[in-house]
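Structure first, commentary second.
The values are calculated or read from the model by the stated rules, or taken from the named source; none is laboratory data. Since the structure is predicted, the reported quantities are computational estimates derived from the model, not experimental observations. A quick note on method: Cβ atoms are made from the backbone with ideal geometry, for glycine too, and the neighbour counts reach across all protein chains shown.
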Amino acid sequence: MKSTTRGTLAAVVTGLAAAVSGAAPAAAVGTVPVPVPLGGVEKSFNIELPQVGAEIPVPVPGSPDGPRYVEGRLIPERVIPQLPVSGGLPGADMRAPLPHILGDDFDHVALDAPASDLRTMAPGLTLDAPLTPPNPKAFGLPEPKLPQAGVLTPVLQTVPAAALVTGPGL
């Protein structure tokens, strides 16, 4: 292999490695922090304001479970499959000064509600045809039956948490 070919190949491999390593941390982020800048207001009015921040989750769609073929049915189960989406509930972090209302040891009140995981599944649909599969006793002809339709219920699972704290210092 010529040295120019080796150099070109090395440059391509290095570029691909840099692109892959740069994309991995962005894909691993589950929430996006959102700070609320109140520093300018504090300096302008010369007062102590609450510190506020938030976390906004990034929803990630999953792969749906495809149709399932069941013996005795002409149409597979889950004609419209449920689509799973995982993400989270937004989080908040707030700290506010407290002017010694509760005593000398209490200088602030804080609320910490971290972003919590959220798992959802969209509703789906299942149908069955108004005919049975071919019946060998009836010369291979299907028999009529009542059609069936069903809605697969949506799913929502999460465990939110929050903490309210008072203490010294801001």
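Looking only at residues of segment 41-66 that are over 18 Å from the mean Cα position of the chain (by Cα) and either in a loop (DSSP other than H, G, I, E, B) or of a type in the set (D, E, K, R) (or both), we find that the one that is farthest from V151 (Cα to Cα) is N46.
Residues in segment 20-34 include at least one that is at pLDDT below 80 and in a strand (DSSP E or B).
The selection criterion, being of a type outside the set (S, T, N, Q) and either modelled with pLDDT under 85 or touching a His at 6+ places or on another chain (Cβ under 6 Å) (or both), holds for D107.
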